[in-house]
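See below for the structure under consideration.
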Ligand code: MG
């Protein structure tokens, strides 16, 4: 499909904060994607928790494979709707760059530690990684991405923070929407994690097929597979069911969004932003089926006592690291001490806390665990 008029386009891009000459061979959004793939934060996603901590098994999703699945789902839908595939891929690959080690348990612990210093939120941190923290380019900090990629990375934001963020935060004040590529990456994230968490939960034996079969979305796919292949072995069965669930969500999203776009007739991306409602959406029935699955996963997987035990340990690790570094920055390597002094000089204790939070948020699970052991266990080697 050709690029639709309502798609983001390099020609109407709001551009980069630091102006740069265009590439001879790549569109601005391709370059954004490439910068994200080459970033240090992207590589670290390989060893960051999605639901299961990395050392629990090699077959579970990590933040990296999750991000790849989001990008793949986004690209299929983008192509079907005539959106900019490179842009939605860039947003999908970058959306979790700000995640702490140990998934949501790590982010909640860091947020508690940062309570007096402006808090910590992984989505804001993803924007901070691409805007400020990646230190690779001679002429600017961050990756100097286009406005549209940054707009897509910032999924939610409270009013105070939005005011601080300037142009990229404005839609949270005036109630407008981001471009369709951003709306898409957001929904593709949810489609990806709901489905791969079912797969991982079954693999970990924390979820059971009999329980999942009470959910409409799962049951419909399961009945189809089971009646066609009653003797199918377990792994093939699970995969056949999950691919059907993803397919029905993706198809529904394409059909519903096509109808909504046809109703609103946006002439360009600005019309999409001003449409008064998201133009990318699941239909009513599919939305409630998806919600039912999400609630089920919360209750049966994320609240499973074994997942909770790891969350409990994660909290202790993150909190101990934070309190130790804040109390005794002298325990950190000299380059980090210098960074903390630099942030302290401009922003006082808030700057100091933010520098420590940035350092911890950037850690992989296994680095955070090793660092915790180095700090608390007297017989651990010092490096
Ligand atoms: Mg995600």
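Residues 76, 88, 49: which one is more than 16 Å from the ligand (Cβ to nearest atom) and closer than 17 Å to residue 189 by Cα?
76
So which pairs qualify, if the first residue must be in the range 69-82 and closer than 23 Å to residue 50 by Cα, the second must be away from the ligand (no atom under 16 Å from the Cβ), the Cβ gap must be under 6 Å, and the two must be at least 6 apart or on different chains?
Note: pairs meeting the criteria are 75/85.
Here is a list: 58, 32. Which entry is over 21 Å from residue 201 (Cβ atoms), away from the ligand (no atom under 15 Å from the Cβ) and either without any contact (Cβ under 8 Å) to a residue 60 or more places away in the chain or touching a strand residue (DSSP E or B) at 6+ places or on another chain (Cβ under 7 Å) (or both)?
Numbers: 58 fails: over 21 Å from residue 201 (Cβ atoms).
32 is the lone residue from the list that is over 21 Å from residue 201 (Cβ atoms), away from the ligand (no atom under 15 Å from the Cβ) and either without any contact (Cβ under 8 Å) to a residue 60 or more places away in the chain or touching a strand residue (DSSP E or B) at 6+ places or on another chain (Cβ under 7 Å) (or both).
When you go through (1) crowded, with 20+ Cβ neighbours inside 10 Å; (2) not in a helix (DSSP H, G or I) one by one for residue 361, which number turns out not to apply?
(2)
Considering 287, 244, 236, which residue is surrounded by fewer than 13 Cβ atoms within 10 Å (Cβ to Cβ) and assigned to a helix (DSSP H, G or I)?
After applying the criteria, what remains is 236.
Can residue 82 be described as within 12 Å of the chain's Cα centre (by Cα) and closer than 27 Å to residue 7 by Cα?
On the way: within 12 Å of the chain's Cα centre (by Cα): no; closer than 27 Å to residue 7 by Cα: yes.
Considered against the rule, which asks whether it is within 12 Å of the chain's Cα centre (by Cα) and closer than 27 Å to residue 7 by Cα, residue 82 comes out as no.
Just a yes or no: is a residue in the range 77-94 within 28 Å of residue 370 (Cβ to Cβ) and touching a helix residue (DSSP H, G or I) at 6+ places or on another chain (Cβ under 6 Å)?
yes
If I filter the range 7-26 for residues that are closer than 16 Å to residue 89 by Cβ, buried (at least 21 other Cβ atoms within 10 Å of the Cβ), in contact (Cβ under 8 Å) with a residue 12 or more places away in the chain and within 16 Å of the ligand (Cβ to nearest atom), do I get at least one hit?
No: the range 7-26 contains no residue that is closer than 16 Å to residue 89 by Cβ, buried (at least 21 other Cβ atoms within 10 Å of the Cβ), in contact (Cβ under 8 Å) with a residue 12 or more places away in the chain and within 16 Å of the ligand (Cβ to nearest atom).
Looking only at the range 94-105, how many residues end up being within 14 Å of the ligand (Cβ to nearest atom) and either surrounded by 24 or more Cβ atoms within 10 Å (Cβ to Cβ) or closer than 15 Å to residue 134 by Cα (or both)? Explain how you work it out, then say what you get.
Let us first name the residues in the range 94-105 that are within 14 Å of the ligand (Cβ to nearest atom), namely 94-100, 103-104.
Pick out the ones that are also either surrounded by 24 or more Cβ atoms within 10 Å (Cβ to Cβ) or closer than 15 Å to residue 134 by Cα (or both) and you get 94-100, 103.
The total comes to 8.
Residue by residue, here is whether (1) within 16 Å of the ligand (Cβ to nearest atom); (2) over 19 Å from the mean Cα position of the chain (by Cα); (3) buried (at least 19 other Cβ atoms within 10 Å of the Cβ); (4) free of Cβ contacts under 8 Å to residues at least 60 places away in the same chain holds:
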residue	(1), (2), (3), (4)
132	no, no, no, yes
145	no, no, yes, no
153	yes, no, yes, no
169	no, no, yes, yes
180	no, no, yes, no
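Do we find that residue 292 is part of a helix (DSSP H, G or I) and in contact (Cβ under 8 Å) with a residue 24 or more places away in the chain in this structure? First the steps, then the outcome.
On the way: part of a helix (DSSP H, G or I): yes; in contact (Cβ under 8 Å) with a residue 24 or more places away in the chain: yes.
Answer is yes for this residue.
No value in this document is a laboratory result; all are computed from the given coordinates. Keep in mind that what you see is a predicted model, and the values were worked out from it rather than measured. Backbone-built Cβ (ideal geometry, glycine too); neighbour counts: all protein chains shown.
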